[in-house]
Every structure is written in structure tokens, then in C-alpha cells.
Amino acid sequence: MINEPINIGVIGVGHLGQHHVKHYKSIENSNLVGIFDVDSNRSKEIGGKYNIRAFNNVEDLLNKVDGVSIVTPTPNHCETAKLCINHKKHVFIEKPITVTLKEADDLLRLSKEKETIIQVGHIERLNPALIALNSYQITPKFIEIHRLAPYTSRGTDVPVVLDKMIHDIDILLSLVKSPVDKIQATGLSILTDSVDIAHARIRFENSTVASIMSSRVAKDEVRKIKVFQKNLYATIDLLLGLTEVYKITDQKDNNSGADMTVPLQNGSNDKFIVYEKPNITKKDPLQMELVNFINSIKGKETPIVTGEEGRNALEVAIKIQNMIIQDIH
Ligand code: NAD
């Protein structure tokens, strides 16, 4: 275990990278050494704002750090991550890990060889509303997920499946611990030359079925998950940070802190539907991810989203994307 603060850098300080900079400055045990961005004006602006050294050369930065956040556009992730790992640096790669599966596999192989950590920024895994499900036994039979967002040009360098749906694919794979059996998918190109709306139906080998819909052509933002299983129904609003659970119990449970209890059948005291709204402590998921990365480098924790998990989410996303392309043409 490493006792000294971890020397850290941020590569790519655009819209999201600046927030990495902000958090590393306040995380205990992290020593933010500097930043690098190919846009030197942007680099100077963020360096000045946070009083951090803006490096003119990425290798100079790499020679001074233990690990880096890679927050460059997705098509650049593989090239930059390879450079960092070849310098034996631990990497936190924003999602999606890479554009192609071959790139992701190359990075995993390289990180094994160089004994470095790859963590992937599937930030929703740290959404407190999702974490609230951990106090329930979740064995889903059907899951429905919607992720809709108003259009912005950011993220359109990749199809909506790799930009937005991949968040939900990662959540899905973490909730349903079974291999994917069958995928059906459809989608449309509306505003860009790429796929802007996507729907997938995923069947897992354990017979769980999921329906996921993602769109970057919407008036209002929506990020909702519904989980159905024997004797339990949960809704998770990732945007509002609200989790609600309805479950069937044998007793009118007065000690569980349940918000509401009603008999399953009128006139019978055999079974009850209990409604619960778990208390959710608001925490910043990005800060939690980066604390986890620092602690993983220190050897105190393991990454919440590993490189393998990032790769597995990408594999499903690419299958969905390829099906949509076939469907459109
Ligand atoms: P952005 O375009 O705002 O910023 C990217 C920055 O990287 C720019 O400043 C650009 O100049 C710089 N850059 C480009 N090539 C570079 C290189 N080779 N070396 C150094 N810097 C380089 O993009 P963004 O919205 O901040 O997205 C960045 C990444 O973060 C993407 O992979 C995106 O998918 C991901 N992202 C994740 C989430 C999330 O919810 N986890 C949210 C937004 C973005």
C-alpha cells in the first residue's frame, strides 16, 4: 500500500475534464501535478482558473505522475491510454472505454503486461439512487430503462448507443449477473449522420429481459430505471436521485421504516405490499469515482468499474449499434 499522496494528471480539459481537475484539487491523498490539452488556449485557461501547471507536452506530464484521467474525445481514448500505460501509468478513462472492441482488448492486454490499473468512468454506477438498491435483494426478471436528453453537439462524434445507452448497458450488466443471450435492436438517425435514437431488447441466459431506450432528440432530460422481479418492483430516477420500492411481505412490518403498507388482498392479513422510499444521501458521483481511483492506485480499494467491465459494456453496445445499422440499411 502506498502512503504518500498520489501524483495525478488530467489529459483533456474540455467540458468534463475541467471537473476532474476541480475534484482532484480537493481529494485527500491526491496531488494534482498538472494538465495537458492539445488546445493550448483551453489548457492555459483551466490551468489559470485552478492554479495548476498546464504542460505543453504530454510526456513531460507523464514523467511526473502515478496516474491520469483521460478525458479526451472518445476516438482518442485508445491512443492516449496506450501512451500512458506504456509509461506504466494508471489510467482512469472516461466512458466509453474506446470506440472499438479491438482497441479495448489491446488496452486490457497492455495494462496486464505493464501492471497498471484501468478504471472506466461509468459514472451512473455511483449514482446514490442506484446505490440505494444495494440494500435489497435484486434478482430482476424485467428491466426497463429510458435515457433521453435534449440535443447538444457534444458527444455526437459517436452514435447515441456509445454516448448515452452505454451507461445503461453497464448498469444492466451490473444488475443482471448472467451472460447476454439475444439482442434485438432498432434505431434512427434524426439530427446527425449517426444513430440518434436507439431501442434494444436484451435477453439474458437466465431469461431476464431488458428494454432500453436512449435518445439525444428530446425536449426534457429523463434517466429512469424500472426493475420488476418476483414480489418486488423498484423505480429509480437517476436524474432526481429518487428510489421507490414496492415489495410483498408476509407481515405488516411496522419496524422497517416502511412509508406505507396495504394488504395484497382485501380482508386478508396474509400478505402486504410495502412501499419504501430509501433515504438517499446526495454525493457527487464524479468525486466518488475519482476517490475510488486514487484509493485503487494506493492499493486500498479496487476500481468500481474495471477495464473489463468497460470492455463488456462496449461489446454489447457495439452489437446493438451494428444491428441498428443493418436495420436502417
Ligand atoms: P470536450 O470536447 O468538451 O473535451 C475534450 C477535450 O480534449 C478538449 O479540450 C480537446 O481539446 C481535448 N483533446 C482532444 N484530443 C486530445 C489529445 N490527443 N490530447 C489531449 N487533449 C485532447 O469533450 P467532453 O464532453 O469533455 O468529453 C470527453 C470524454 O468524456 C468523452 O469520451 C465523453 O464520452 C466523456 N464524457 C463522459 C460523461 C459521463 O457521464 N461519464 C459525460 C460527458 C463526457
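Bear in mind that the values in this text are calculations on the coordinates, not laboratory data. Given the structure is predicted, the values throughout are model-derived calculations rather than measurements. Virtual Cβ from ideal backbone geometry, glycine too; neighbours counted across all protein chains shown.
Before moving on, here are some points about what is shown:
- Centre-to-centre, using Cα atoms only, the range 194-263 and the range 137-180 are separated by 13 Å.
- Rounded to the nearest 20 debye, the dipole magnitude of the range 210-329 is 80 debye, with +1 charges on Lys and Arg beta carbons, -1 on Asp and Glu beta carbons, and the Cα centre as origin.
- Length gained on full extension, N29 to D220, computed as 0.36 nm times the residue gap minus the Cα-Cα distance: 64.9 nm.
- Taking amide H as placed 1.01 Å from N in the peptide plane, I6 has its amide H under 5 Å from the amide H of S30, N31, each at least 5 places away in sequence or on another chain.
- Legend: P(r) of the range 108-170 from all alpha carbon pair distances, 10 Å bins from 0, whole percents, reading 15, 36, 30, 19, 0.
- For the chain, averaging the sequence separation of C-alpha pairs within contact (under 8 Å, six or more residues apart) and dividing by the residue count gives a relative contact order of 18 percent.
- Surface/4 estimate of mean projected area, convex hull on alpha-carbon atoms of the chain, nm²: 19.1 nm²
- In this structure, the amide hydrogen of A218, modeled 1.01 Å from its nitrogen in the peptide plane, lies closer than 5 angstrom to those of A149, Y151, counting only residues at least 5 positions away or on a different chain.
- Exposure proxy for M260, M213, M165: other Cβ atoms within 10 Å of each Cβ, ordered fewest to most, give M260, M213, M165.
- Ellipticity estimate at 222 nm from DSSP helix runs (n ≥ 4, -39,500 (n - 2.57)) divided over the chain, nearest 500: -9000 deg cm²/dmol
- When you filter the trypsin sites (Lys or Arg not before Pro) in the range 172-242 for DSSP loop state and at most 15 other Cβ atoms inside 10 Å of their Cβ, you are left with K177, K219, K230.
- Only one residue of V68, T235, I183 has its Cα farthest out toward the positive end of the dipole of the chain, where Lys and Arg carry +1 and Asp and Glu -1 on Cβ, and that residue is T235.
- Total lysine pairs whose alpha carbons fall under 20 Å of each other in the range 7-116 (8 or more apart, or interchain): 24
- Our note on the geometry: Cα centres of the range 31-88 and the range 293-318, 20 Å apart.
- Applying the Karplus relation 6.51 cos²θ - 1.76 cosθ + 1.60 with θ = phi - 60° to the range 231-239 yields 3J(HN,Hα) values of 6, 8, 9, 10, 10, 10, 9, 5, 6 Hz, where x marks Gly and Pro.
- Stretchable slack from D284 to K44, in nm (0.36 nm times residue separation minus alpha-carbon distance): 83.8 nm
- For the chain, size of Cβ-based charge dipole, Lys and Arg +1, Asp and Glu -1, in debye: 280 debye
- Alpha-carbon Rg/Rh ratio, for the range 174-297, with Rh computed the Kirkwood way: 1.07
- Stokes-Einstein D for the range 48-145, Kirkwood Rh over Cα pairs, 25 °C, 0.890 mPa s (µm²/s): 157 µm²/s
- For the range 18-171, the residue among C84, A54, V38 whose Cα projects farthest onto the positive side of the dipole built from Cβ charges is A54.
- Taking every alpha-carbon pair under 8 Å whose residues sit at least 6 apart, the range 204-329 reaches a relative contact order of 13 percent.
- Within the range 21-47, backbone nitrogen closer than 11 Å to the virtual label 7 Å beyond the Cα of K64 toward Cβ: 32-36
- Multiplying the residue separation of K277 and N86 by 0.36 nm and removing their Cα-Cα distance gives an extension gain of 64.0 nm.
- Positive-pole candidate from Q137, I27, I97, dipole of the range 25-164, charges at beta carbon: Q137
- For the range 69-212, the share of DSSP beta bridges that are antiparallel, to the nearest 5, is 55%.
- For the chain, the longest principal axis of the alpha carbon atoms and the long axis of helix 166-175 meet at an angle near 50°.
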